[in-house]
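The values are calculated or read from the model by the stated rules, or taken from the named source; none is laboratory data. No experiment lies behind these values; they were computed from the predicted model shown. Because the Cβ atoms are built from the backbone with ideal geometry, glycine has one as well, and the counts that use them run over all protein chains shown.
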Amino acid sequence: MKGVPAGIAVVAAVATLIAGVGIGWVLRGPYDAPAQEVVVVHDVVDGDGGGPASASVPSIEDPASTCPTELALLRAAYNSLEAEAIGEPETFPADLDPAYTPDGVRAAVDELVAACPELGLTHPWVDCEEYPCQVWFERSTDVGGFDSNGLSRCKAWVERMGQGGYGVSNGSLMRDGQAVRYLSYHLRQPDTERPEWAFKRSTYRWDLNRERYADEIGARELTDIESAQSSLAFWERLADEADDPDRRASLEQMADRKRADLEKLRAGRAD
């Protein structure tokens with residue numbers, strides 16, 4: 001993954017602290033431990049043939065019983081920071097429409113790919129480790145874009161899942177020297193409640209699953225320059241396809257900004 005959100009970095013730091021404290025207990029024992037008993041581990045004979053030399057180590061109490069309060073506080077701090085940074089996992093609701101259960105989603109995805117090849121969505125991958133499921137596709141044609149209703153272009157999908165709009169993410173990966181477009185949907189059942197942290201949780205899962213999907217299809221993350229080139233090509237194409245002059249002008253301005261960003265990256269690399 002190219003970048004780590006600040007909140008996740010803080011969580012990682014606390015996790016490292018917890019691990020460090022635990023290791024410290026194992027190596028040192030508790031800070032307020034009484035004088036430690038010295039025990040003989042084994043006898044060795046020095047190289048001059050002299051008498052035995054004793055090797056000893058301090059005895060250690062069970063680290064799990066030394067400072068349980070401190071460890072519990074650190075774990076509580078970690079859990080709180082983790083929830084603040086990336087939200088909390090959701091379980092699948094008991095009254096969920098069967099279409100949005102893991103089995104229902106997988107069946108819908110299989111039928112989508114088979115029944116609607118014109119959408120150009122291939123290499124499906126499904127993550128239902130928590131609710132809602134996320135589905136990922138390689139996009140061989142320019143279908144869907146940022147359209148949260150893109151899957152509704154397939155009649156077979158609508159018959160199973162309805163017309164609901166979903167969270168959507170798209171972008172590019174690199175495989176064998178060629179950019180590969182992907183499209184991912186976050187399949188929360190429409191018209192149902194969502195927790196206040198739902199957006200940050202979905203963003204966290206998209207970042208995590210982009211790396212997992214890249215492994216799935218034999219691709220990798222783009223470099224900064226490759227990402228800038230892909231973004232420029234995207235906006236240039238949209239501008240070329242625009243019929244309305246005002247929309248074309250607006251898209252060309254965006255392409256100009258992306259072109260400037262790319263030149264800055266190239267200049268920095270040259271330095």
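Could you tell me which residue of segment 200-219 is nearest to the chain's Cα centre (by Cα), considering only residues that are loosely packed, with under 14 Cβ neighbours inside 10 Å and touching a residue at least 40 places away in the same chain (Cβ under 8 Å)?
Filtering segment 200-219 for residues that are loosely packed, with under 14 Cβ neighbours inside 10 Å and touching a residue at least 40 places away in the same chain (Cβ under 8 Å), the one nearest to the chain's Cα centre (by Cα) comes out as ARG212.
Return the residues of segment 184-201 that are modelled with pLDDT of 90 or more and either touching a Ser or Thr at 6+ places or on another chain (Cβ under 9 Å) or of a type outside the set (S, T, N, Q) (or both); say none if nothing qualifies.
The answer is SER184, TYR185, HIS186, LEU187, ARG188, ARG201.
Say we look at segment 97-108 and pick out the residues that are in contact with a helix residue (DSSP H, G or I) (Cβ under 9 Å, 6 or more places away or on another chain) and closer than 27 Å to LYS200 by Cβ; which of these is surrounded by the fewest Cβ atoms within 10 Å (Cβ to Cβ)?
This residue is ASP97.
So ALA228 clears everything in (1) over 25 Å from ALA255 (Cβ atoms); (2) small (Gly, Ala, Ser); (3) in the same structural domain as ALA260 (by TED's automatic domain parsing) except one condition, right? Which one?
(1)
Kindly evaluate THR91 against the criterion of being under 21 Å from GLU221 (Cα atoms) and surrounded by fewer than 17 Cβ atoms within 10 Å (Cβ to Cβ).
The answer is no for THR91.
As an exercise: evaluate GLY164 against (1) assigned to a helix (DSSP H, G or I); (2) at pLDDT below 85 and give the number of the one condition it does not meet.
Every listed condition holds for GLY164 apart from (1).
Any chance you could count how many residues in segment 240-271 are in contact with a Leu (Cβ under 7 Å, 6 or more places away or on another chain) and part of a helix (DSSP H, G or I)?
Number satisfying all stated conditions: 5.
Please enumerate the residues belonging to segment 186-200 that are in a strand (DSSP E or B) and not aliphatic (A, V, I, L, M).
HIS186 - this is the single residue of segment 186-200 that is in a strand (DSSP E or B) and not aliphatic (A, V, I, L, M).
Within segment 119-161, work out how many residues are modelled with pLDDT under 85, at negative phi and not in a helix (DSSP H, G or I).
Counting residues in segment 119-161 that are modelled with pLDDT under 85, at negative phi and not in a helix (DSSP H, G or I) gives 8.
Confirm whether CYS128 is closer than 25 Å to GLU196 by Cβ and surrounded by 15 or more Cβ atoms within 10 Å (Cβ to Cβ). Can you show your working first?
Details: closer than 25 Å to GLU196 by Cβ: yes; surrounded by 15 or more Cβ atoms within 10 Å (Cβ to Cβ): yes.
Considered against the rule, which asks whether it is closer than 25 Å to GLU196 by Cβ and surrounded by 15 or more Cβ atoms within 10 Å (Cβ to Cβ), CYS128 comes out as yes.
Would you mind stating whether GLU252 is farther than 18 Å from SER140 by Cα, within 26 Å of the chain's Cα centre (by Cα) and free of Cβ contacts under 8 Å to residues at least 60 places away in the same chain?
Working: farther than 18 Å from SER140 by Cα: yes; within 26 Å of the chain's Cα centre (by Cα): no; free of Cβ contacts under 8 Å to residues at least 60 places away in the same chain: yes.
No, not satisfied.
Consider segment 231-252. How many of its residues are surrounded by 12 or more Cβ atoms within 10 Å (Cβ to Cβ) and not hydrophobic (A, V, I, L, M, F, W, C)?
Within segment 231-252, residues that are surrounded by 12 or more Cβ atoms within 10 Å (Cβ to Cβ) and not hydrophobic (A, V, I, L, M, F, W, C) number 7.
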